[in-house]
Amino acid sequence: MIRRYTPDQYLASVVKHGGDRRAAANELGVSHHALWANLKVCEDAGRSVPPSPYIANRLEYVRGKPPDVAANNQALQATIDDLRGQLEAVTTVKRWAASKPSKRTARKPNGGKHLYIPDTQVKVGVPIDHLAAAGNYAAEKRPDTIILGGDWWDFPSLSSYDRGKLSFEGRRYRLDVEAGKAGMERFLAPIRKAKGYRPRIVMTLGNHENRVNRAIEEHAVLDGTIGIHDLQLSAFGIEAHEFLSPVVIDGVSYCHYFPRSASGKVMQSKSGAPNALAQLRREGRSCVAGHTQGFDIACLPFSGRLQWGVIAGSFYQHQENYLTPQGQDHWHGVVMLHEVQDGCFSPMVVGLNYLLHKYA
């Protein structure tokens, strides 16, 4: 049985489908010709018929109105212009990416260059070939200033912690002194051989070197028989600074550690800041310390300039038994400070394994 629809029903179906004649014809089950004829009846009766989204131009012809050719040409031209702009952009980027960089003269770095050598804790029986590697590295890179952070000598014979223990047996002060001097000779040999290179070498004495002074204070009979002079630092050409006496070079303060508390006062001298950030905040300027194993760094702006806090306290290959097996996995190496000026610098960490691999 063929159903018959009124023109209004045809129109309602077209409106329902947003002007889509095909969807309306499929819903009603009629031919497109029948749908168009009934919609023409609605138009002739003055009813509003929605335009088809697919054949709007055809409807314009049916209504007797020609399509807007100028508008269509304008839209087409806009599309062409957009594509042309995209092509030009892609071509420009490809040419830039494939072009060779222009030759330019590298700008000479401003400021000085510092090499910081953390705690080496040299003693009889430990390997010291890494010290020769550090010397070769210094001779090649030629820093203006070399800072030895202290605790170059370990002085186990003067350790108050091991006194009376079995491990203390056989330790001798003279052996400790000569061990540290031998390590110093290994470090300085390649620097002395480098032609035209004479850096300033500074040492901030550490708590291990200070064991000599403590031993004299505890045993007055030793006064005049032992002393820091046994290290012969001046003979090595090293500028020595007393334990916990900072030395400022190019705006950077160096010391074995900085004991200043959070209140800004120095209330003790047995330990330094807990971390690099606290050290930087407490000192209020760039400051580099050793003492604590591992590596820690912080950076903050002070008075419009970046200032750094660095704690680097281990440059040795051996293990320290007092740290237990769980405390042996800290960082070991040296730190190069580039472009040092008014406390601002660019730090570069150089690991122990790298030095041994390339410079030993």
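The values are calculated or read from the model by the stated rules, or taken from the named source; none is laboratory data. This is a predicted model, so every value here is computed, not measured. All Cβ positions, even for glycine, are placed from backbone atoms using ideal geometry, and neighbour counts span all protein chains on display.
Scan (1) part of a helix (DSSP H, G or I); (2) among the hydroxyl-bearing types (Ser, Thr, Tyr); (3) surrounded by fewer than 19 Cβ atoms within 10 Å (Cβ to Cβ); (4) modelled with pLDDT of 90 or more for the single condition SER157 breaks and write down its number.
Looking at each condition in turn, SER157 falls short on (3).
If you go through segment 329-360 one residue at a time, how many are farther than 26 Å from ASP154 by Cα, crowded, with 16+ Cβ neighbours inside 10 Å and without any contact (Cβ under 8 Å) to a residue 60 or more places away in the chain?
1
Test LYS100 against the criterion of being at pLDDT below 85, within 30 Å of LEU356 (Cα to Cα) and either loosely packed, with under 10 Cβ neighbours inside 10 Å or assigned by TED's automatic domain parsing to the domain that holds ILE311 (or both), and give yes or no.
no
Is there a residue being assigned by TED's automatic domain parsing to the domain that holds ASP176 and either among the hydroxyl-bearing types (Ser, Thr, Tyr) or at pLDDT 95 or above (or both) anywhere in segment 218-226?
yes
Go through (1) at pLDDT 80 or above; (2) not assigned by TED's automatic domain parsing to the domain that holds GLY343 one by one and return the number of the condition ILE2 breaks.
Among (1) at pLDDT 80 or above; (2) not assigned by TED's automatic domain parsing to the domain that holds GLY343, the lone unmet condition for ILE2 is (1).
It is to be established whether one or more residues within segment 146-167 are β-branched (Val, Ile, Thr) and over 19 Å from SER314 (Cα atoms).
no
Inspect all residues belonging to segment 208-222 and state whether any of them is surrounded by 14 or more Cβ atoms within 10 Å (Cβ to Cβ) and either among the polar types (S, T, N, Q) or more than 25 Å from ARG174 (Cβ to Cβ) (or both).
Yes, because at least one residue in segment 208-222 is surrounded by 14 or more Cβ atoms within 10 Å (Cβ to Cβ) and either among the polar types (S, T, N, Q) or more than 25 Å from ARG174 (Cβ to Cβ) (or both).
Across segment 300-328, what is the total count of residues that are in contact (Cβ under 8 Å) with a residue 12 or more places away in the chain and either more than 21 Å from ASN207 (Cα to Cα) or touching a Lys or Arg at 6+ places or on another chain (Cβ under 7 Å) (or both)?
The total comes to 6.
Restricting attention to segment 246-269, which residues are surrounded by fewer than 12 Cβ atoms within 10 Å (Cβ to Cβ) and touching a residue at least 12 places away in the same chain (Cβ under 8 Å)?
ALA262, GLY264
Restricting to segment 294-328, and then to whatever is crowded, with 21+ Cβ neighbours inside 10 Å and not aliphatic (A, V, I, L, M), can you tell me which residue is farthest from ILE249 (Cα to Cα)?
Filtering first and then ranking leaves TYR316.
Give segment 217-245 a look and list any residue that's small (Gly, Ala, Ser) and touching a residue at least 24 places away in the same chain (Cβ under 8 Å), or say none.
GLY237, ALA240, SER245
Do you know which residues across segment 314-358 are outside any loop (DSSP other than H, G, I, E, B) and either among the basic types (Lys, Arg) or more than 21 Å from the chain's Cα centre (by Cα) (or both)?
Residues satisfying the conditions are ASN321, TYR322, LEU323, PRO325, GLN326, GLY327, LEU356, HIS357, LYS358.
Provide a single number: the residues in segment 136-151 that are among the acidic types (Asp, Glu) and either assigned to a helix (DSSP H, G or I) or within 12 Å of HIS114 (Cα to Cα) (or both).
Looking only at that region, the number is 2.
Give the residues of segment 43-62 that are loosely packed, with under 11 Cβ neighbours inside 10 Å and either at positive phi or modelled with pLDDT under 60 (or both), sorted by residue number.
Within segment 43-62, just GLY46 meets the criteria.
Considering THR79, THR105, THR91, which residue is at pLDDT 90 or above, exposed (fewer than 11 other Cβ atoms within 10 Å of the Cβ) and either out of contact with any Leu (no Cβ under 7 Å at 6 or more places or on another chain) or on the phi > 0 side of the Ramachandran plot (or both)?
THR91
Could you give me the residue pairs with C-beta distances under 8 Å whose first residue belongs to segment 158-177 and is under 15 Å from GLU218 (Cβ atoms), whose second residue is at pLDDT 60 or above and hydroxyl-bearing (Ser, Thr, Tyr) wherever it lies, and which are 6+ apart or on separate chains?
LEU158/TYR173; TYR161/TYR322; TYR173/SER157
For ALA133, which of the numbered conditions (1) at pLDDT 95 or above; (2) over 14 Å from GLN317 (Cα atoms); (3) not in a loop (DSSP other than H, G, I, E, B) fails to hold?
Here ALA133 clears every test but (2).
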